Amino acid sequence: MTIKDYFILFIFVAFLGCKSNNVEEIIPSAPENPSFPIFQNLSLLTDKVTYQPNEVITFSLGTTSVPSGTKVRYKHLNSVISEEDVTNSKWTWTAPTRDFIGYMVEVYSESNGEEIIYATVGIDVSSNWTKFPRYGFLSKYPQMDETSINDTLSRLNKYHINGIQFYDWQNKHHKPLPLVNGTPPAVWKDIANRDIYLNTVKNYITKAHELNMKAMYYNLIYGAWENADVDGVKKEWYVYKDNTHTNIDFHPLSSPFLSNIYLLDPSNSSWEQYVIAEEQRIYQFLDFDGFHIDQLGDRGTTFNYNGNYLNLANTFQPFINAVKNAFTNKFTVMNAVNQYGQQGIAAANTNFLYSEVWSPFDRYSDLANLIKQNSTYSNNSKNSVLAAYMNYDLANNKGYFNTPSILLTDAVIFAFGGSHIELGEHMLGKEYFPNDNLKMKDDLIEALVKYYDFLVAYENLLRDGGDFNTVTLTSIDGKISLENWPAKEGYVAYFGKKFDSMQVIHLINFINATTLEWRDNSGIQISPVVVKNAKLMFSFDKKVKKIWMSSPDFLGGTSFVLNFNQIGNKVSFMLPELQYWDMLVIEY
């Protein structure tokens, strides 16, 4: 060959090399998935909200007759733990011995090679409810019969609510449980001049315990009514707006409320002992499981009686610890209003963290950041509950909650490891819990059951360790526009969470979102467009063993394996469906 021939050959080989490095050549094809089961979405209920290890669980399937060949399988993540035949609409299963584990239960049958899933439900096996708190509330205590009480708590049982905040059950904030001749009266008034019946409170507690729910009594850390001096509250204990103890700090209330709320100094040891004595009286007559402590947020510049500047946020931690030391067998949690005092609350002997969210934390990304901040404050030892009131302006009048805004907000909160206090006798739309102007539509009621099943079944991926990380996910066929978190209108937002042998990728659908403000004050959010069979690819530097997926919006939250192709560090697969929220799990 001549020098010219060698030169031509060199150019040709170089051209081939360049072509082989073209992106199209190294993208592995996204294989189609096997056919998916048919999902019938029958009701599947459990007799309690959570279970101790080795406790017997009773299931009830919402049908009068069970089809021949029906089976039930118990899964942890994507692994089947056990399986058995189902011949009756009721049966039992003994929870495994491992503590703090979530399971998905699937009732199914096979016919002509096709699987039918009749029903699914999540199971939480945890010896301590505060590991994975799912907080609900009660706010009304009129004279009620046993059936009405059972109906309310049975509804909460469907959502696996394992802790109940008893909001405004008390009489005076500084004297929560009134006594007449040494015993509580049959009825008393709360601050809103409502009748509170002792037997209703008692019976709610009893029924909650039968369902393995914990009952937390609510009260302010520093509240007193007018004329509290007749009950032994001293002027030296109050919080003042000046350094001459002339103007007591107070929260103004008008009719029908019976009093303004006047603030006490939590760092005052006499007030601290006064509260502990009142708490002892509560436990003497009512079987509450702990104290839900509330506050009113940043009060600006305040002083104690002696004229010294009072940093209220710094008083929370020692107060909480004093209460906990006085009642070591009781649970304690405190509301951090817009994170006010949360760092000290997290360092205190609280069992989990609770954040009431207001402006400027208005966007979906703010919810995620608050949950992450709480984890940092507690050295990743305490999970979070967010009090995030939905459709706030809409709740001024009678109407309905906006289903898409609720589900998108819950998707964000749950995917980032939190839970959402929103369910009680009704759904929350205001910080005054008895407000029940807005109702849940049937589609929201049904969808939320699956969202809470999902939160329970996959709690070990959602709320039990792992490190958030950055992943690279791209669309091969252009069916969806992808953006790394935070949320952006017109895109599917995604983010990763890494475990020892798994990489989790969450996808939340904001493709046609009308707002990125989670509260959706006026209820304008619309349902996201459903994406089907989108071909996606991610970069991964390890050999993939399995990819599986689950979604609260698809097949009742059951997990199923996806086909994939891997070439080098490129892995492609087909995403079968995305409505609000999908969770991908890559095992390696």
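Coordinate-derived values only; no laboratory data. These numbers were taken from a predicted model, which means no experiment stands behind them. For neighbour counting, all protein chains shown are included, and Cβ atoms are generated from backbone atoms with ideal geometry for every residue, glycine included.
Structure notes:
- Cα-based helix-to-principal-axis angle, 146-158 vs the chain, degrees rounded to 10: 30 degrees
- Phi angles across the range 358-363 convert, under the Karplus curve 6.51 cos²θ - 1.76 cosθ + 1.60 with θ = phi - 60°, into 3J(HN,Hα) values of 10, 4, x, 8, 9, 9 Hz, Gly and Pro given as x.
- Relative to the Cα centre, the charge distribution of the chain, modelled as +1 at Lys and Arg Cβ and -1 at Asp and Glu Cβ, gives a dipole magnitude of about 680 debye.
- Using a Förster distance of 41 Å, the FRET efficiency for Val530-Glu146 (Cβ separation, nearest 0.05): 0.40
- Given Lys140/Lys439; Lys479/Lys546; Lys450/Lys479, the pairs whose alpha carbons are separated by over 19 Å: Lys479/Lys546; Lys450/Lys479
- Estimated inter-spin distance, Asp99 and Asp231, nm [label 7 Å along Cα→Cβ]: 3.8 nm
- Cross-link pairs Lys131/Lys542; Lys214/Lys372; Lys497/Lys532; Lys131/Lys234; Lys207/Lys441 - those with Cα-Cα distance over 29 Å: Lys131/Lys542; Lys131/Lys234
- Of the trypsin sites (Lys or Arg not before Pro) found in the range 512-578, the ones in coil according to DSSP and having at most 16 other Cβ atoms within 10 Å of their Cβ are Lys542, Lys543, Lys545.
- Calculated from backbone phi, Karplus (6.51, -1.76, 1.60) coupling profile of the range 425-437 in Hz, x at Gly/Pro: 4, 8, 9, 6, x, 9, 6, 8, 4, x, 4, 10, 4
- Model label sites at Asn369 and Asp477, defined 7 Å from Cα along the beta-carbon direction, differ in position by 3.7 nm.
- Note on the range 105-127 and the range 524-545: Cα centroid distance 24 Å, given to the nearest whole angstrom.
- Dipole magnitude of the range 38-125, debye to nearest 20 (Cβ charges: Lys/Arg +1, Asp/Glu -1, about Cα centre): 140 debye
- Computed on the Cα trace of the chain, the radius of gyration divided by the Kirkwood hydrodynamic radius gives Rg/Rh = 1.05.
- Whole-Hz ³J(HN,Hα) from phi, Karplus 6.51 cos²θ - 1.76 cosθ + 1.60, for the range 245-250, glycine and proline x: 6, 9, 10, 6, 6, 8
- With the charge dipole of the chain set up from +1 on Lys and Arg Cβ and -1 on Asp and Glu Cβ about the Cα centre, the Cα lying farthest toward the positive end among the listed residues Tyr283, Gln317, Thr558 is that of Gln317.
- FRET E, pair Gln273, Asn199, Förster distance 30 Å, beta-carbon r, rounded to 0.05: 0.45
- DSSP-defined antiparallel bridges as percent of all bridges, the chain, nearest 5: 70 percent
- In this structure, His209 and Asp442 have a Cβ-Cβ separation that, at R0 = 30 Å, corresponds to a calculated FRET efficiency of about 0.50.
- Positive-end ranking of Tyr197, Asn227, Ala348 along the dipole of the chain, with charges on Cβ about the Cα centre, is headed by Ala348.
- Cα-based Rg and Dmax for the range 38-125, where Dmax is the largest Cα-Cα distance (Å): 12.6, 39
- Inter-probe distance in nm under a simple model that places probes 7 Å from Cα toward Cβ, at Asn243 and Asn512: 6.2 nm
- Cα-based helix-to-principal-axis angle, 403-415 vs the chain, degrees rounded to 10: 80 degrees
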